[in-house]
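Read through the structure below, which is laid out as structure tokens, and then see the notes.
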Amino acid sequence: MATALDPRTLAMAADDADFRIERHGVWKRFRRHRLATVGAVVIGLVSLVAIFAPLLHLQDPNAIDQVHWQGYPLAPGIAGHLLGTDENGRDLLARLVFGAQISLQVAIFAVLMELTIGTVLGAIAGYYGGWVDYALMRLTDVFLSIPLLPLLLVLTAIVAATSTRASLSFGVIVVIIGILTWPAVARLVRASFLSLREKEFCEAARAIGGRDGRIIFRHLLPNAVAPIIVQGTLEIANVIILESTLSFLGFGIQPPTASWGNMLANAESNMTIAPWVAIFPGLCILVTVLAVNYLGDGLRDALDPKLK
């Protein structure tokens, strides 16, 4: 009996070996994408600044400077304020750094939730097919047919109106964005699983009595992880824009907590007399989103198995 399984076992081992060999060329292909390399460096620097913000000896982002300016807001970059102060006399640099924490945390946690939901549902739909696939894909179509931003505004407004705790805003935004943005990931994973389930290594795993859960997570999912990583990277940029939009419109992170979006909202009425208050948070959003998109493009090219 053991010898009858040897060819299939060898086929599965050969497929896994091909996957490991392919991974060795990923870094080489990624380095050839210069913009992606620059994007990775920028994202790394922004992440380090956000992580170690408490150790940078910056001013309190919510403290109003009434010493140098006698409470005068919108001061230029002088007297301890490298980038100037905002409309309330708070240090703009400190608020940008701590705003990066909020924007990145919302993006990372929301994308993790999005990837988890989308991967699980897409894997189930692609592996089992039939009525399971049909039901999950129709559910996906329902979510895709709903305009994302208006629904986000409605849901966050409802939660804000019914909640008495402002500290819930971060978690609420993460959960709402994560729940509403999973369909694209689900379709991507489903397409990968529909192809992978017909491969010889998957048939070999079924032949030796492998359970569905083990086949999905041990054999199929590792071979579908490349497009998931690329999609997750690109979604980080989308979530940063979504969170900034919500905060700009007053439905996201609420003051005095700093986020790039609500900093732009507060600066809107002062752009003619203090343009730096809007320019710096706008540049932070622009540079970060561009860096993430370039990083995603580089990962897509590097992880494409058709490229050698």
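The values are calculated or read from the model by the stated rules, or taken from the named source; none is laboratory data. Remember, predicted model here, so these are calculated numbers, not experimental data. Quick reminder, even Gly has a Cβ in these numbers, built from the backbone with ideal geometry, and neighbours come from all protein chains shown.
Remarks
- Boolean, Ala302 is more than 23 Å from Thr181 (Cα to Cα) and touching a helix residue (DSSP H, G or I) at 6+ places or on another chain (Cβ under 7 Å): yes
- Within segment 45-62, the set of residues being in a loop (DSSP other than H, G, I, E, B) and within 13 Å of Cys284 (Cβ to Cβ) is empty.
- Residue within segment 238-260 that is within 11 Å of the chain's Cα centre (by Cα), buried (at least 21 other Cβ atoms within 10 Å of the Cβ) and over 19 Å from Leu153 (Cβ atoms) present: no
- Inter-residue pairs, beta-carbon under 6 Å, first in contact (Cβ under 8 Å) with a residue 40 or more places away in the chain and in segment 212-223, second small (Gly, Ala, Ser) and crowded, with 19+ Cβ neighbours inside 10 Å, 6+ apart: Ile215/Ala205; Ile216/Ala123; His219/Ala205
- Residue match in segment 205-214 (condition: touching a Leu at 6+ places or on another chain (Cβ under 8 Å) and surrounded by 20 or more Cβ atoms within 10 Å (Cβ to Cβ)): no
- Selection of helices (runs of 4 or more DSSP H) fully inside segment 141-251 by the criterion of at least 3 residues being touching a Gly at 6+ places or on another chain (Cβ under 6 Å), of a type in the set (A, V, I, L, M, F, W, C) and closer than 30 Å to Leu283 by Cβ returns 225-248.
- Residue among Leu180, Leu152 that is closer than 25 Å to Leu104 by Cα and crowded, with 21+ Cβ neighbours inside 10 Å: Leu152
- Exactly one residue out of Ile273, Ile208, Ile240, Ile229 is within 30 Å of Leu303 (Cβ to Cβ), of a type in the set (A, V, I, L, M) and either at pLDDT below 85 or touching a strand residue (DSSP E or B) at 6+ places or on another chain (Cβ under 9 Å) (or both), and it is Ile208.
- Considering each residue of segment 228-237 in turn, at least one proves to be of a type in the set (S, T, N, Q), buried (at least 18 other Cβ atoms within 10 Å of the Cβ), within 19 Å of the chain's Cα centre (by Cα) and over 26 Å from Ile158 (Cβ atoms).
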